[in-house]
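Student: This is the structure I want to talk about, given as structure tokens.
The values are calculated or read from the model by the stated rules, or taken from the named source; none is laboratory data. None of these values were measured; they are calculated from a predicted model. Ideal geometry is used to build each Cβ from the backbone, glycine not excepted, and the neighbour counts take in all protein chains shown.
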């Protein structure tokens, strides 16, 4: 019998914990089998990673949904308590005597400045405006060009009605 050489390649995939020993009489065939086996395991690992990431995403979504439900329940409970407080506000205030003693708020202390002098009739006089002006009378809603007397002090010069 002829002395044949056997070719051996060991293929491993550490993430999948897989090991395979490929043997054959032709080097090219053994290398092709090893590449095919490595490609198969790499594809298996890729699908495993995709499935794992989908599962993790579903779990994260479920956790997020549960936390949102819990937060919504907390907010609902707080809102219901606030509504109940608002409903009981009138009943609560009716039990409290909160009348105000207005006399206690008056300041009855003496004034520090003296009372001003009363105006005398000689310090002011009625004058007619220098020009005819249009004046609006709000109560009647009409405009008038009549001369309206205005009070002016003695220090100003105006045409008085004489």
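Student: What is the number of the single condition among (1) part of a helix (DSSP H, G or I); (2) surrounded by 10 or more Cβ atoms within 10 Å (Cβ to Cβ) that residue 28 does not meet?
Tutor: With respect to (1) part of a helix (DSSP H, G or I); (2) surrounded by 10 or more Cβ atoms within 10 Å (Cβ to Cβ), residue 28 is out only on (2).
Student: Checking residue 110 against (1) in contact (Cβ under 8 Å) with a residue 12 or more places away in the chain; (2) loosely packed, with under 10 Cβ neighbours inside 10 Å, which single condition isn't satisfied?
Tutor: Residue 110 satisfies all of (1) in contact (Cβ under 8 Å) with a residue 12 or more places away in the chain; (2) loosely packed, with under 10 Cβ neighbours inside 10 Å except (1).
Student: Quick check: is even one residue across the range 118-139 part of a helix (DSSP H, G or I) and either over 30 Å from residue 16 (Cβ atoms) or modelled with pLDDT of 85 or more (or both)?
Tutor: no
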